[in-house]
1. Of (1) 56, 34, 30; (2) 43, 34, 34; (3) 72, 38, 29, which one was derived for Cα extents along the principal axes in Å from the structure shown?
2. Sort LYS73, LYS40, LYS104 by accessible area with a 1.4 Å probe, largest first.
3. In the stretch 13-168, carbon and sulfur make up what percent of the accessible area (probe 1.4 Å)?
4. At a Cα cut-off below 16 Å, give the aspartates and glutamates reachable from LYS171, other chains included and same-chain residues fewer than 8 away excluded.
5. Set the Förster distance to 35 Å, then compute FRET efficiency between SER46 and THR105 from the Cβ-Cβ distance, nearest 0.05.
6. Students often forget the sequence filter, so: which aspartates and glutamates lie under 14 Å Cα-Cα from LYS79 once same-chain residues fewer than 8 apart are removed?
7. Students sometimes get this wrong: rank TYR169, TYR85, TYR50 by accessible area, probe 1.4 Å, all chains present, largest first.
8. How big is the accessible area of ASP47 in square angstrom, nearest 10, if you roll a 1.4 angstrom probe over the protein chains?
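The values are calculated or read from the model by the stated rules, or taken from the named source; none is laboratory data. Not measured: the values here are computed from a predicted model. Note: ideal-geometry Cβ built from the backbone for every residue, glycine included; neighbour counts use all protein chains shown. Heads up: the accessible areas ignore ligands, DNA and RNA and are worked out on the full protein's heavy atoms, side chains in. Shrake-Rupley method; radii C 1.70, N 1.55, O 1.52, S 1.80 Å.
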Amino acid sequence: MEIIMLVDILRRANINVVLASVDESTNVVGSQRMKIVADKCILGASDSKYDLIIIPGGPAGAERLHRSTTLKKLLKEQKQAGRMYGGISYSPLILQKQGLLEDKTVTAHPSIVSQLTCQVIDSSKVVIDGNLITGKGLGTVMDFSLAIVRKFFGHGRAKGVANGMVFDYPKSRNA
């Protein structure tokens, strides 16, 4: 659900999203047997530069993502170039294993917080620390996705997307 909701909301905001599979096939089966068709395999997507790379959560999927050497390379390049990267739910643990959370503050799924060695704001749904964005879990995907929209395109576009989905979004930029 995280990836479906994230991609849907970003595309509603007219953001060009490339959904990439770390497997050799574009057919992906999610944790609840949900079938998703990615736009590309990661090798086919790896020769492009992206404004943002997000990895979804979930314990089984997160481990599969961690084993992808191509994804590791892309995330490392993303951080070194100062471009945005991040994850939601279990994926901050994967970012940590790849050395991408050093001197960073995050939020993450409560079940992995004790395994994280960086600073964790457990009470926040979304944390943006420089070029890193993290979300707490499935129940916070709307907030996480709209925070991405706001970061790149401002409060007005995020509010417009939220209104279209009948999602309660702060009225002011400062909320």
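1. (2)
2. On the way: LYS73 110, LYS40 75, LYS104 30 Å².
Reading off the accessible areas and sorting them downward yields LYS73, LYS40, LYS104.
3. Carbon with sulfur: 50 percent of the solvent-accessible area.
4. ASP143
5. Efficiency for this residue pair is about 0.75.
6. The qualifying aspartates and glutamates are ASP51, GLU102, ASP103, ASP129.
7. Putting TYR169, TYR85, TYR50 in descending order of accessible area: TYR50, TYR169, TYR85.
8. 120 Å²
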